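Reading through the structure tokens given below for one structure.
Every number in this text was worked out from the coordinates using simple rules, so none of it is lab data. Please read all numbers here as calculations on a predicted model, not as lab measurements. Here the Cβ positions follow ideal geometry from the backbone for every residue, glycine too, while neighbour counts run over all protein chains shown.
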Amino acid sequence: GAGVSQTPSNKVTEKGKYVELRCDPISGHTALYWYRQSLGQGPEFLIYFQGTGAADDSGLPNDRFFAVRPEGSVSTLKIQRTERGDSAVYLCASSSRGGEQFFGPGTRLTVL
Amino acid sequence: AQSVTQLGSHVSVSEGALVLLRCNYSSSVPPYLFWYVQYPNQGLQLLLKYTTGATLVKGINGFEAEFKKSETSFHLTKPSAHMSDAAEYFCAVKDDYKLSFGAGTTVTVRA
């Protein structure tokens, strides 16, 4: 079956712009996670959804970052007023409840 | 909070030689530990995991890791490196539902 997909694969934007990153999880997976991987570092947790609700958003760096999962499937990570420091690869993962996390290929965000 | 530390950001090995990647963890409870591999422009792929039970864990592609509680370590090994093993490797610990990753070790394989 299909794995986790993320779109776009690459996104280049200018400082101050708004961006949306999309994640399509594996069908039937109730849990969805967003991580951010900066250059030369391991992924860092951003937010965790169980169903439609954000069960833990403690990893979001500030209020410019927001994520939704309105129907309990596709999720969108939204970044307002982007800054150069937001440049990173944004990874999405999904799992069954308590199960192994399967990762998507990521979206590489570059803020000029 | 639980965390992991990977020793060595870059490892270079000859084809056919032993691959050894080091990971130490910090955890106040019995940890769930993982090794992931990341090939260029691809997502993370699970190599192996330790939850409970046998401390020597075998994974895909000939990799294995041993959980040593006394040393708080979970080092990854492969007896004989192949060119296709060139990638970045991440150790991770599961803290409830979230994964905390090390900084990663890049492996290059010399012909």
Inter-chain shielding of A:44-51 (mean C-beta neighbours from other protein chains, 10 Å cut-off): 2
Gyration tensor (alpha-carbon) shape descriptor, chain A, a/c threshold 1.5: prolate
Backbone HN-Hα couplings from phi across the stretch B:13-26 [Karplus 6.51/-1.76/1.60, Hz, Gly and Pro as x]: 10, 7, 4, x, 8, 5, 9, 9, 10, 9, 9, 10, 10, 10
Spacing of the two label points (7 Å from each Cα toward its C-beta) at B:N61 and A:R64, in nm: 3.5
Pairwise label distance in nanometres, A:D56 with B:L18, each label 7 Å out on the Cα-Cβ vector: 3.6
Positive-end extreme of charge dipole, chain A - chosen from A:S87, A:T13, A:S58 (charges on Cβ): A:T13
5 angstrom amide H check on A:D56, placed H, neighbours 5+ away: A:Y48
Partner aspartates and glutamates for A:K17 [C-alpha distance under 17 Å; skip if fewer than 8 residues away on the same chain]: A:D63, A:E83, A:D86
Residue mean of other protein chain beta carbons inside 10 Å, B:28-38: 1
Amide H partners (placed H, <5 Å) of B:G104, local residues excluded: B:Q6, B:C91
Dipole magnitude of chain B about its Cα centre (Cβ charges: Lys, Arg +1; Asp, Glu -1), debye to nearest 20: 100
³J(HN,Hα), Karplus 6.51/-1.76/1.60, whole Hz, each residue of the stretch B:81-86, x for Gly, Pro: 6, 10, 4, 6, 7, 5
Vicinal HN-Hα couplings computed from phi for the stretch A:20-34 (Karplus, 6.51 cos²θ - 1.76 cosθ + 1.60; Hz; Gly/Pro x): 10, 10, 10, 10, 10, x, 5, 4, x, 6, 8, 9, 9, 10, 10
Above-threshold pairs, the threshold being 30 Å between Cα atoms, out of A:K78/B:K98; B:K68/B:K98; A:K78/B:K58; B:K78/B:K98: A:K78/B:K58
